[in-house]
Amino acid sequence: MGSSRDAGTDGMRYWGEAEKLVLAFDVGNSASSVALTHLTWSCAPLSTPSSLRTVLTFPFSSPPLTPIPSRTPSMMAYDRDDKPRMYGAEVLTAEGKERIKEEGWVVVKRWKEQMRPVEPPSIANTAAEAKKKLLRKAKPTPVSSPSPYAARLAPAPVSMGTSTTSLASMKGSTWSLSSEGLLDAVDARADYDWVDLTNTPSNGSGSSSTKAVVPVEKKRKVVKVHSGPRLRDIFAAWLKHLTACARAWFGERTPNGEATFLRLWSTCVFVIAIPADWTTAETDMIRESMEDAGLLPERFAVGRLIFVKEPASIAHFARRHTKDPEKTWLQEGGSFVLCDAAEEGVSIIGYTVASNYPRLRLRAYEPVSRLPAGTAAITSAFRTFLENRLARTKFKSASIASHLVEEFRTKVLPVFAGVSVAPDAEYKLRVQKDGPEMDYKLEKGIDSGARIRDGWMTLTAQDVEDVFKPAADDIIVRLSSVLSRGGAKHILLSGGFGESAYLVHRLRETFRPPHASLVIPSLPAHSAVCEGVLRFYLSETLQPRGTRFALGVMTAVDWATSWEKGMASREVSVGSGGQKYVLGKFSEVVAKDSLLDSSMRWTKTFNVKYSLKSDEPPILAETLWLFDPDAALEGDDGWIIAPDGRPRPGYRIAGRVVAELDSLVLSLLERRTATEIYVHLEVQLVVYVGANSLEARFEWEDEGRPAVGSAIKLSHESF
């Protein structure tokens, strides 16, 4: 379970005959990212940093709009015909905002939040309760115990009974009931009783993908209300946009990238990160969106669209990028708690490590629970703080409050570590944006109660602590509960809010070894899900490759001891001592089921006697034979050629290796005596893993220097 095991896992190679392009999507509520990998024969993508590539350039990206280049804002502008007109950061530009206002377009964002699974009817809110909730600000209640909504998983097919064994380990299926396996969009599942989001009108929770239906009383004039695009269409447009961004970036940053992307497009694999509590209702809608966008054809093959649960992908990311070389938090049989502190909220789930080698296997012992305690909650709490502080002052203004919130997000939120760390710290926020539109009266204004002077508001460490503390307290209470239920000793912290110095300080202060320790990836959290998705997919799909057949050459054996009927039809040679040899026996070079390895070499030595009086040039040629034991006849005793002169069943020609040995003969001529009429040549036949396939060639030493002959590539059908 140490670093050597991890190295072995990360060293897995791709042995597919065809190249493959894999795109991974992380569509978040606030921002999205894309990663990709180009798989070629014998590449080791998990151990090669340059193989897993995150798209770093999106249209209209700039530090003020997109401070993290690998993330693009999850938002689009739609016209009144429900056609997407702007994507991502373009919506935030001054020109984009102006045109949206002039054209009356609709800005769509945070649509992923509308994909929450529908609760069972027994616990669903009544229509009246749902209507009331729509009239007030949404404020989810922290989950203190497993809720039916959080724990809901796909029902098992009838054939499985009550078993919860992961279907990912079953032949012909990759659907997992435990939420820790790869979920294939094409799977022979039973007819599940799910709500179809694509045909369900809005139920008040926003989980509808159809246009809203306005109930109308009879004999009244119907007023057509623009309800905006369907959720299914939004996902289709956004995924298509992300794919176009990936194509452009890959084409610009990779030699022949555009041609490679187009060449591999028809077999491209898509891997999409999804929340831990999504069901087939949600994944089916994403599948339909992919088809609507033209990214996948209808009835596409198994393995083209894969879903990976976000918490599991974060664990795979952290497995690679944590400073703990022994990975003690991933010891088999142990447990840990994942705290994904994202901007919109915090997800907490408890995992047991079922296996660590050769593949990481996790099983949730505690279903995911969500807390409204992320960056958005902190920002909301600060807004409330401002409302109270600015009330009854001349600084009470929506524009001032919005600017102060933005100042707080950029200047305070990332660096604040707590009162106990810096009790005398003060934070100054600009009341308004610098520029020609500044209100100079505000610049000179003073309000002691609001602590505003000369255009700056001052916050004490205690002020900020009061804003942060409730969210951190909620997280700590929930973590304590989940840790105790599973006997977990480690907390894996991820997410944008997980990088908060205050949250990290509070967790380290509360949870200390040996009771619990904090595990934080060494790379920024914004790439955790997207890279983790690729790592999870590759760790599950990359398989060791063994040779299906044996490879060898035809050799000569002693006539006297190997005689059999029909021997006279075979090629016979006479040795220097008059001993007869007959050609035709199979001599193995590469055994069947030999594992392919880029460092592995299979060799056979040839000792050749070349006559200096020969008129033939010194050329060594040898035929490589394929031997399939399952197709061979019993009792063939290794003879390749039957008495009738034809190859026996189970033997086929794999290729012919040729080498010109003129230079070797010339180097030996200088060292021979005058009476010698022969030179002895020692040459090795070598089979090795080449750039695109197994390759074979002759190798020898020429005056102490290595020399090689021309290599042949073996077809993938021959091994």
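Filtered by the rule that a residue be acidic (Asp, Glu) and buried (at least 20 other Cβ atoms within 10 Å of the Cβ), segment 487-538 gives a lone residue, 531. Applying a threshold of 7 Å to beta carbon distances and a minimum spacing of six or more residues, or different chains, the list of pairs starting in segment 283-303 at a residue that is within 21 Å of residue 116 (Cα to Cα) and ending at one that is of a type in the set (D, E, K, R) reads 285/232; 288/232; 289/232. Does residue 24 satisfy the condition of being among the aliphatic types (A, V, I, L, M), part of a strand (DSSP E or B), in contact with an Asp or Glu (Cβ under 7 Å, 6 or more places away or on another chain) and under 19 Å from residue 307 (Cα atoms)? No; evaluated as a whole, the condition is false for this residue. Residues considered: 489, 411. Of these, the only one that is within 41 Å of the chain's Cα centre (by Cα), of a type in the set (D, E, K, R) and within 30 Å of residue 365 (Cα to Cα) is 489.
The rows are residues; the columns are (1) buried (at least 18 other Cβ atoms within 10 Å of the Cβ); (2) in the same structural domain as residue 42 (by TED's automatic domain parsing); (3) closer than 22 Å to residue 585 by Cα.
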site: 623; (1), (2), (3): no, no, yes
site: 628; (1), (2), (3): no, no, yes
site: 631; (1), (2), (3): no, no, yes
site: 642; (1), (2), (3): no, no, yes
site: 651; (1), (2), (3): yes, no, yes
site: 663; (1), (2), (3): no, no, no
site: 683; (1), (2), (3): yes, no, yes
site: 707; (1), (2), (3): no, no, no
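Restricting attention to segment 481-506, report how many residues are more than 12 Å from residue 374 (Cβ to Cβ), in contact (Cβ under 8 Å) with a residue 12 or more places away in the chain and either in a helix (DSSP H, G or I) or outside the structural domain of residue 330 (by TED's automatic domain parsing) (or both). Residues that pass the stated criteria total 10.
The residues on offer are 24, 89, 31, and the sole one that is in the same structural domain as residue 260 (by TED's automatic domain parsing) and farther than 21 Å from residue 275 by Cβ is 89. Among the conditions (1) assigned to a loop (DSSP other than H, G, I, E, B); (2) touching a Leu at 6+ places or on another chain (Cβ under 8 Å), the only one that residue 700 does not satisfy is (1). Apart from one condition, residue 536 fits all of (1) assigned by TED's automatic domain parsing to the domain that holds residue 316; (2) assigned to a loop (DSSP other than H, G, I, E, B); the exception is (2). With the condition kept exactly as written, say whether any residue in segment 446-467 is surrounded by 13 or more Cβ atoms within 10 Å (Cβ to Cβ), touching a Ser or Thr at 6+ places or on another chain (Cβ under 6 Å), farther than 26 Å from residue 392 by Cβ and not polar (S, T, N, Q). Looking for residues that are surrounded by 13 or more Cβ atoms within 10 Å (Cβ to Cβ), touching a Ser or Thr at 6+ places or on another chain (Cβ under 6 Å), farther than 26 Å from residue 392 by Cβ and not polar (S, T, N, Q), one finds none in segment 446-467, hence no. Looking at segment 37-55, can you tell me whether even one residue there is modelled with pLDDT of 90 or more, surrounded by 21 or more Cβ atoms within 10 Å (Cβ to Cβ) and under 28 Å from residue 101 (Cβ atoms)? Checking segment 37-55: not a single residue is modelled with pLDDT of 90 or more, surrounded by 21 or more Cβ atoms within 10 Å (Cβ to Cβ) and under 28 Å from residue 101 (Cβ atoms). It is to be established whether one or more residues within segment 383-390 are in a loop (DSSP other than H, G, I, E, B) and buried (at least 18 other Cβ atoms within 10 Å of the Cβ). Looking through segment 383-390, none of the residues is in a loop (DSSP other than H, G, I, E, B) and buried (at least 18 other Cβ atoms within 10 Å of the Cβ). Considering 359, 363, the condition of being within 21 Å of residue 479 (Cα to Cα), assigned by TED's automatic domain parsing to the domain that holds residue 479 and touching a residue at least 60 places away in the same chain (Cβ under 8 Å) is satisfied by 363 alone.
The values are calculated or read from the model by the stated rules, or taken from the named source; none is laboratory data. In this text, all values refer to a predicted model and were calculated from it rather than measured experimentally. For neighbour counting, all protein chains shown are included, and Cβ atoms are generated from backbone atoms with ideal geometry for every residue, glycine included.
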